[in-house]
Amino acid sequence: MAIDRADLHSHTTASDGLQQPRENVRMAKEAGLAAIAITDHDTVDGIAEAIEAGKELGVIVVPGVEISTAANGSDIHILGYYTDWQSESWRLKLGSLLQTRDRRNLMI
């Protein structure tokens with residue numbers, strides 16, 4: 001019996017990944033994965049391209065995000081799956097989180 005495999009934590013050039021979203025999906029297909037989640041830091045900008053590639057290549061693309069925050073001096077990363085990546089209000093909120101992260105990185 002075949003077991004489908006998935007990578008539920010991948011980053012693209014929309015944040016700090018090395019590959020374009022389409023390339024992440026292609027690599028997942030070549031690795032024999034049935035699904036991949038696009039979970040860029042504080043952005044959903046790579047999801048549309050990945051979903052399109054997933055449809056073409058037969059790979060399920062889970063729209064996700066990795067929210068970065070800090071508490072008590074520690075970095076915290078929270079993965080969210082099946083995010084409403086087309087919501088303008090969600091995109092604006094993520095944009096403000098991204099700006100906060102950029103300011104924090106400059107202070108470090």
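At a 1.4 Å probe radius, which order do D7, D16 fall into by accessible area, largest first? Each step should come with its number before you reach the end.
Values: D7 60, D16 95 Å².
From most exposed to least exposed: D16, D7.
Which FRET efficiency value, to the nearest 0.05, do you get for D4 and W90 by plugging their Cβ-Cβ distance into 1/(1 + (r/R0)^6) with R0 = 25 Å? Walk me through the intermediate numbers first.
Values: r = 29 Å, r/R0 = 1.15.
Computed FRET efficiency for D4 and W90: 0.30.
What share of the DSSP beta bridges in segment 17-108 is antiparallel, in percent to the nearest 5? Numbers along the way, then the final one.
Details: 8 of 13 bridges.
Roughly 60 percent of the DSSP beta bridges within segment 17-108 come out antiparallel.
For the chain, set up a Gaussian network in which alpha carbons nearer than 10 Å are linked by springs, and say which option among S87, S96, S15 fluctuates the most. Its mean-square fluctuation being the largest, the pick is S87. With the charge dipole of segment 1-84 set up from +1 on Lys and Arg Cβ and -1 on Asp and Glu Cβ about the Cα centre, the Cα lying farthest toward the positive end among the listed residues A28, Y82, S15 is that of A28.
Taken as entire DSSP H runs, the helices of the chain that both span 20 Å or more between Cα atoms along their own long axis and average -1.0 or more on the Kyte-Doolittle scale are 88-107.
Taken per residue, the accessible surface of the chain reaches 61 Å², heavy atoms only and a 1.4 Å probe. By accessible area, using a 1.4 Å probe on protein heavy atoms only, the chain has 55% of its surface on carbon and sulfur. Largest accessible area first, the listed residues E52, E66 line up as E52, E66 when surface is computed with a 1.4 Å probe on the assembled protein chains. Solvent-accessible area of D4, all protein chains in place: 130 Å² (probe radius 1.4 Å, heavy atoms, ligands and nucleic acids excluded).
The values are calculated or read from the model by the stated rules, or taken from the named source; none is laboratory data. Treat the numbers as computed from the prediction; the structure is a model and nothing was measured. All Cβ positions, glycine included, derive from the backbone under ideal geometry; neighbour counts span all protein chains shown. Surface accessibility is based on the protein's heavy atoms, side chains included, excluding ligands, DNA and RNA. Shrake-Rupley method; radii C 1.70, N 1.55, O 1.52, S 1.80 Å.
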